[in-house]
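The values are calculated or read from the model by the stated rules, or taken from the named source; none is laboratory data. Just so you know, these numbers come straight off a predicted model, no measurement behind them. Quick reminder, even Gly has a Cβ in these numbers, built from the backbone with ideal geometry, and neighbours come from all protein chains shown.
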């Protein structure tokens, strides 16, 4: 959230709202496609079913793997700012320890990984709710702050909103990863669409509320220069050391990194099972029942990028490539729906939405990309 505030300032809640709306159309497209094709390597499968172009499908699958690696590296960089509150430690050492530990957990087994992800998700939600609670008195000032900002609305306001939203978009990533564990979900045609939509709704409510309470508690300029902004907000609101929020933030980072790591691994595994990639990538260890070689490969790549690139570059790269994938997913659904329209059918068990959903997803994703590129070039 600190990187978004550094760009959007008091317009941060608007930036998060814009990101959530853009993500929503693609979320519904993912929901429908996951009910139609409940398989690992979801995006690559969707493109293959729509266009039957092996090269295009493999490219999208590998792009999703790259997104998972870059997103994990981004979150890992955020770990450094919070762990420093507890243990002063060299940045590179903390990154190496975190990534290797999470890689070992991912190798251990999907059940252990899922349990850790579930626990850290609950801890994260509890932490965000705690921040909202301790800053609740400041929320009454939020409408006045937003009104004051909009009343002046400088010329570069839209630039701040769009550029901030481009980074805020990173916060809404995750719903698309759900489809890549489809083969380990019970009743996937029913449960995957529900999980996709519910995860986006909860994320939207939490992040918009958090962004409002944050800028109402601490000046944006101060938050922008702090490596652990939520810890600062908690400390300012409560007047006590923010160890509780630091622990929550670390749990959130562990959760996000682990989910992205598993997603990237499962995509390579799924593509290998489709005979699109070498068989070695889908080999499963007889003891852990996990693709050990693939998990180690992904872990090493995450480590390289986390040690190499700054956090803002990682977040922007993740958002850009994710929007490109979203465009392809929406286009794939549109092609499939137009094909189905000729026979006037929706597959049994699938959740079918109006045809304008993928069209809106394509338009918003592409407009978001081109607008941000336009601002970069100015």
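Summary of values
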item: Residue within the range 349-372 that is touching a residue at least 40 places away in the same chain (Cβ under 8 Å), in contact with a helix residue (DSSP H, G or I) (Cβ under 9 Å, 6 or more places away or on another chain) and exposed (fewer than 14 other Cβ atoms within 10 Å of the Cβ) present; result: yes
item: Search result, residues across the range 82-110 that are modelled with pLDDT under 80, under 22 Å from residue 263 (Cβ atoms) and touching a helix residue (DSSP H, G or I) at 6+ places or on another chain (Cβ under 9 Å); result: 110
item: Top-ranked residue of the range 257-281 - restricted to ones that are at pLDDT 85 or above and assigned to a loop (DSSP other than H, G, I, E, B), ranked as nearest to residue 70 (Cα to Cα); result: 277
item: Leading residue by the ranking (surrounded by the most Cβ atoms within 10 Å (Cβ to Cβ)) among those in the range 226-240 that are in contact (Cβ under 8 Å) with a residue 24 or more places away in the chain and part of a loop (DSSP other than H, G, I, E, B); result: 228
item: Check on residue 338, part of a helix (DSSP H, G or I), surrounded by fewer than 21 Cβ atoms within 10 Å (Cβ to Cβ) and free of Cβ contacts under 8 Å to residues at least 60 places away in the same chain; result: yes
item: Sole residue being surrounded by 19 or more Cβ atoms within 10 Å (Cβ to Cβ) and at pLDDT 65 or above, chosen from 157, 199, 163; result: 163
